[in-house]
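> My structure is below; once you've seen it, I'll send some questions.
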Amino acid sequence: MAYTKNAKKANRVNKRRRVFNTRLKKTMKDSVKETAKLITAKKPADAAKSLPSLYQAIDKAAKHGTIKKNTASRMKSRITKRLQVAGK
């Protein structure tokens, strides 16, 4: 249990940040799953249409520090590569 005033405030801040981070991560993961499902269903045109919203979710999570910048870049690269292979 937090004892000092600073520790109590840190707990409040951590709770709030955890809510923001989980919300951003869930949005990002849902977008990734949706796009991956479209790719595996052999619908590259629909997957390409969902790509901007996926990029937005990943970039927003990276901007807020929920995930690291290189992780975001790697995720975007891998999903784009999968889309290009499925489009052929």
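> Calculate I(q)/I(0) for the range 24-87 by the Debye formula, one identical point scatterer on each C-alpha and no solvent, and give its log10 at q = 0.14, 0.21, 0.27 Å⁻¹ to two decimals.
Relative scattering, expressed as log10 I(q)/I(0), comes to -0.35, -0.75, -1.12.
> If one takes the longest principal axis of the Cα atoms in the chain, at what angle in degrees, from 0 to 90 and to the nearest 10, does the Cα axis of helix 5-40 lie?
So the inclination is approximately 10 degrees.
> Under 19 Å Cα-Cα from Lys68, which aspartates and glutamates qualify once same-chain neighbours fewer than 8 residues away are excluded?
Once the sequence-local aspartates and glutamates are set aside, what remains near Lys68 is Asp30, Asp59.
> Same structure, new question: Given the rule -39500 (n - 2.57) for each run of at least 4 DSSP H residues, summed and divided by the residues of the chain, what is its mean residue ellipticity at 222 nm, to the nearest 500 deg cm²/dmol?
Result for the chain: -30000 deg cm²/dmol, rounded to the nearest 500.
> On C-alpha positions alone, give me the angle between the axis of helix 44-63 and the longest principal axis of the chain, in degrees, nearest 10.
Roughly 20 degrees between the two axes.
> A further question on this structure: Between Arg23 and Leu51, what's the calculated FRET efficiency when r is the beta-carbon distance and R0 is 22 Å? Round to 0.05.
Here the calculated transfer efficiency is 0.55.
> To the nearest 10 degrees, how steep is helix 69-87 against the longest Cα principal axis of the chain, on a 0 to 90 scale?
20
Read-outs: derived from the displayed coordinates by stated rules, not from any lab. Worth saying up front: this structure is predicted, and the values here are computed from it rather than measured. Positions of Cβ are backbone-derived with ideal geometry, glycine not excepted, and every protein chain shown enters the neighbour counts.
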